[in-house]
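The following block contains the structure, expressed as structure tokens.
Rule-based calculations on the coordinates, nothing more; no lab input. Small disclaimer: the values here were computed from a predicted structure and weren't measured. Note that each Cβ is placed from the backbone with ideal geometry, even for glycine, and that neighbours are counted across all protein chains shown.
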Amino acid sequence: MTAVQSKRTFSLGKLSMTQGVMNGVPALDAWLAVMRHADCDWGEVCEEDWELNDSALKDDGRLLSIYESSNANRFWIITEWDRSVTTVLLPE
């Protein structure tokens, strides 16, 4: 069996989720997205935002990922610049 190497290079800090996500996104989808975010897979962000995230890893900027759940709800994951908190939220 081959071990999978994580690309994790930043702290998520305190993880929080809005009520909208808790009510509208299946828990497994949210958890898997958080793991992708932590591994620097920014999901469905545009190319420019992907590059901004990659730069933010070096410059301590805010990180943004966008995902779509299995029930077609788009949601965001934002890690603050100081890595103190990561929030899973709906875009509205």
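Of all alpha-carbon pairs in the chain, indicate the percentage at a distance above 23 angstrom. The partial results should precede the final answer.
Working: 861 of 4186 pairs.
Everything past 23 Å amounts to 21 percent.
To continue, here is another question. Quick check: residue separation of A27 and S70 times 0.36 nm, minus the Cα distance between them. What number comes out in nm? Intermediate values should be presented prior to the final figure.
Numbers: separation 43, 0.36 × 43 = 15.48 nm, distance 1.05 nm.
Here the answer is 14.4 nm.
Using a Förster distance of 22 Å, how high is the FRET efficiency between R36 and K14, based on the Cβ-Cβ distance and rounded to 0.05?
Numbers: r = 19 Å, r/R0 = 0.86.
Here the calculated transfer efficiency is 0.70.
When the helices in the chain are scored as -39500 (n - 2.57) per DSSP H run of 4 or longer and the sum is shared across all residues, what 222 nm value do you end up with, to the nearest 500 deg cm²/dmol?
Details: 3 runs with 31 residues, N = 92.
Computed ellipticity for the chain at 222 nm equals -10000 deg cm²/dmol.
Could you tell me whether region 23-76 comes out rounded, prolate or oblate from its Cα gyration tensor? Rule is a ≥ b ≥ c as square roots of the eigenvalues, rounded for a/c under 1.5, then prolate if a/b exceeds b/c, otherwise oblate.
Since a/c reaches 1.5 and a/b is larger than b/c, the shape of region 23-76 is classed as prolate.
While we're here: Can you tell me the orientation of helix 47-59 relative to the chain, as the angle in degrees between its alpha-carbon axis and the longest Cα principal axis, to the nearest 10?
That works out to roughly 60 degrees.
Rounded to the nearest 20 debye, what is the charge dipole size of the chain about its Cα centre when +1 sits on each Lys and Arg Cβ and -1 on each Asp and Glu Cβ? Please report the intermediate quantities before stating the final value.
Numbers: 8 positive and 15 negative charges, 93 e Å.
In total the dipole reaches around 440 debye.
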